[in-house]
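What follows is one structure encoded as structure tokens, with my remarks underneath.
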Amino acid sequence: SQGGSKRRLVNRDDRGPMAEYDDRVASGRLRDDEHQRGIIQSLQHLHDELRHYTAPPVVHPTLESLKPEPKSIFGRLFKQGKKEKPLAEIPDNLPRGLYLYGDVGSGKTMLMDMFYETLPSSVTSKTRIHFHNFMQDVHKRLHKMKMEHGNDVDGVPFIAADIAEKGNVLCFDEFQCTDVADAMILRRLLESLMSHGVVLVTTSNRHPDELYKNGIQRESFIPCINLLKNRLHVINLDSPTDYRKIPRPPSGVYHSPLDSHASSHAEKWFRFLGDPQQDKPRSETQRVWGREIHVPKVSGKAAMFTFDELIGRPTSAADYIELMRSYDAFIVTNVPGMTHQQRDLARRFITFIDAVYESRAKLVLTTAVPLTQLFLSKDELRDTIKKEKDDRKGQKEEIEGEGLDDTMRMMMDDLGMNMSMLKNSNMFSGDEERFAFARALSRLAEMGSQEWVERGMGLEHKGGKQEKDSWDKVRSRQMEDSM
């Protein structure tokens, strides 16, 4: 890429970012910082995954396949718009990349340098480029293709294949979107690169949700935001304002897939929400109506379970309500995707999510699949969409009593679904179950917000003791109401 750098690697001993960080701390070049160390750990996880990853050979699309199909007489009569050709699938074994965002002075360049220079030798080629220069180059290439092959040619997949050949790992500095021309092609370009097995790592000064904030036709850019959030680990580099000894983990509360990042994600949140320095982690047994509930790991008011330990055995709403009285934060690991066959597990999990939400407790999850695929597999969703999309053309429904917020809309967008499709899906038996499923996704979206996570922890800018005391009062009242 013009303005980029591409090199073969010489990191023969596969020395990773963590070893480099430790060296710099030991030599006094960097101050040891727990927040930053957590971020380096994420770089190290991706480094480790790349050691065992081989990108597939790049298959170039033919120019013929990128031209629109000749229009039928019927098509000409009704002026059918040209349809984008579907892109190739993203390989299942593609490691999730990284999206590191933070203000000036948060160490973006230093972190990218450290990651890029210590890439393992299994990565046969790498490219690093300023994002603005990269997009300028892409537009030049698209223009050239249109001049040579006509305006109707779809140049994005062709150019993506060229870029993929130049680097298995593509690192962008200063990712941003300020231009409608970029916004219109970005999702297809990034998705196309990923379909060739390219791992993306990028720095930015803003969270994906803040990209192209007031841009023209922003709604058509939302799928690109979803792609970034679903396919890259989004990590905040800014040290949080924190009145506690343990800094808040740099990434959000939900983590997918169950990769090498998953267990450290759960541990970081357990340390943050519990109190392991003062209250050593241990197991506990709670008694409900003469039955015992084993809680494998507890510290402070935080409890940690695997999905099997919590949901895999017969439990009831009463059990969950009892747990809410004892703990105010739950970390649940190894949550599987629940297809039609696991409907009992899905129902139980939804009952648990409702109990957490209604008690205003906090929830951290590590899941095998993105939240939108928790209760229906990708294939089941596709079948549902196929069967039902035509029936619902032109309908704009919402779930009764449940507004469709932006977070939820974005969660559903990448699956090409809306809430009315879910509500009316024949994958669920009866209105109640449809409603419970859609509501659980909506509640998970709300419980993933920064406001929800930090409420009552004295972390808000106006926070501190008074805010925490009022939160404790609210929570104890809710507990009394549920007794």
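Out of the trypsin sites (Lys or Arg not before Pro) in segment 146-204, which ones are loop residues according to DSSP with at most 14 other C-beta atoms within 10 Å?
Details: sites: 146, 166, 187, 188; in loops: none.
Qualifying residues, ordered by number: none.
Kindly write out, for segment 295-307 in residue order, the coupling ³J(HN,Hα) from the Karplus curve 6.51 cos²θ - 1.76 cosθ + 1.60 (θ = phi - 60°), rounded to whole Hz, with x marking Gly and Pro.
My calculation for segment 295-307 gives 10, x, 8, 9, 8, x, 9, 10, 10, 10, 9, 7, 4 Hz in order.
Past 21 Å, Cα to Cα, is the threshold; run 301/362; 67/140; 213/268; 166/213; 108/229 against it and keep the listed order.
Details: 301/362 10 Å; 67/140 19 Å; 213/268 31 Å; 166/213 32 Å; 108/229 19 Å.
Over 21 Å Cα-Cα: 213/268; 166/213.
Suppose R0 equals 45 Å. What FRET efficiency, 1/(1 + (r/R0)^6) with r the Cβ-Cβ distance, do residue 143 and residue 279 give to the nearest 0.05?
Values: r = 62 Å, r/R0 = 1.38.
So the FRET efficiency works out to roughly 0.10.
Within segment 298-317, what residues put their amide N at less than 16 Å from the label point 7 Å along the Cα-to-Cβ vector of residue 258?
Counting backbone N atoms under 16 Å from the label point, the list is 305-313.
Ranking request for peptides 348-354, 306-312: highest mean number of other beta-carbon atoms within 10 Å first, then the rest in descending order.
Details: 348-354: 20.9, 306-312: 18.7.
Ranking the peptides 348-354, 306-312 by packing returns 348-354, 306-312.
Give me the one-decimal nm value for the distance between modelled label points at residue 317 and residue 287, 7 Å along each residue's Cα-to-Cβ direction.
A separation of 2.6 nm, rounded to one decimal place.
Counting just the Cα atoms, what span does segment 234-360 cover along each of its three principal axes? Round to the nearest Å and put the largest first.
Rounded to whole Å, the extents work out to 42, 33, 25 Å.
Along Cα→Cβ, 7 Å out, is where each label goes; now give me the distance between the ones at residue 326 and residue 342 in nm to one decimal.
Spacing of the two 7 Å Cα→Cβ label points: 2.4 nm.
Bear in mind these aren't lab numbers, they're just calculated from the coordinates by the rules spelled out. No experiment lies behind these values; they were computed from the predicted model shown. A quick note on method: Cβ atoms are made from the backbone with ideal geometry, for glycine too, and the neighbour counts reach across all protein chains shown.
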